[in-house]
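What follows is a set of notes on a single structure, which appears directly below.
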Amino acid sequence: MNRARIVVLTVAICAGGVAAYLASGSDKSAPPPAPVAQLPTVDVLVAKNDIGLGQTVKPEDVQWQTWPAATASATFIRRNERPEGATQVTGSIARAPFIQGEPIRDQKLVKAEGSGFMAAILPTGMRAISTEISPETGAGGFILPNDRVDVLLTRRLKNPDQNNGAPDIVTSEIIL
């Protein structure tokens, strides 16, 4: 072999070795990730399943779930404050619906204690009335259970001066 070819071959092999060394040395292992700070948490009673309006809460409807302490409202039922919270809410009636995973709050529950459903779900200071509704006087099916409506009383009074041709007196007022 020619001396020039040997020199070129030697230089090529050395260059390849240097390139391989540099390529393998650049794969430094990444430093371990910094430890993530653990946020303080509390156990909160949440709805395990959807709980509908007027539904009685059963033990299988609720469970304890870890919740960030910073976002846990004071109205949530916490295990460290009420360890028997799951059994305390059992038998209560839902005043408002709960969706799965929603924290249980006493404000949305009521203990029926033998009273009827309507008495149990009515908020404090509210009252329910019933009135006879015919298809002609109803709202054509647009008023559904749990809707809030204004009740108007309209009455026709006989005019004592009717002998003089005066019309009857019609009055209306808002009752609720």
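Quick check: is even one residue across the range 15-26 assigned to a helix (DSSP H, G or I) and either under 14 Å from the mean Cα position of the chain (by Cα) or within 25 Å of PRO123 (Cβ to Cβ) (or both)? Checked the range 15-26: no residue is assigned to a helix (DSSP H, G or I) and either under 14 Å from the mean Cα position of the chain (by Cα) or within 25 Å of PRO123 (Cβ to Cβ) (or both). Could you say which residue among VAL36, VAL57 is within 21 Å of PRO123 (Cα to Cα) and without any contact (Cβ under 8 Å) to a residue 60 or more places away in the chain? So the residue among VAL36, VAL57 that is within 21 Å of PRO123 (Cα to Cα) and without any contact (Cβ under 8 Å) to a residue 60 or more places away in the chain is VAL57. Is the range 112-119 home to any residue that is under 29 Å from VAL149 (Cβ atoms) and in contact (Cβ under 8 Å) with a residue 12 or more places away in the chain? The answer is yes, given that some residue of the range 112-119 is under 29 Å from VAL149 (Cβ atoms) and in contact (Cβ under 8 Å) with a residue 12 or more places away in the chain.
Pairs linking a residue in the range 93-107 that is farther than 18 Å from LEU122 by Cα and in contact (Cβ under 8 Å) with a residue 12 or more places away in the chain to a residue that is outside any loop (DSSP other than H, G, I, E, B) and of a type in the set (Ser, Thr, Tyr), with Cβ atoms under 9 Å and 6 or more positions apart or on different chains, do not occur. Tallying residues that are surrounded by 10 or more Cβ atoms within 10 Å (Cβ to Cβ), hydroxyl-bearing (Ser, Thr, Tyr) and out of contact with any Pro (no Cβ under 7 Å at 6 or more places or on another chain) within the range 22-62 yields 1. Between ALA74, ALA96, the distinction of being under 21 Å from the mean Cα position of the chain (by Cα), part of a loop (DSSP other than H, G, I, E, B) and under 25 Å from ARG148 (Cα atoms) belongs to ALA96 only.
Any read-out appearing in this document is the output of simple, stated calculations on the displayed coordinates, not a laboratory observation. What you see is a predicted model, and the numbers here were worked out from it, not measured in a lab. Cβ coordinates were reconstructed from backbone atoms using ideal geometry, including for glycine residues, and neighbour counts include every protein chain displayed.
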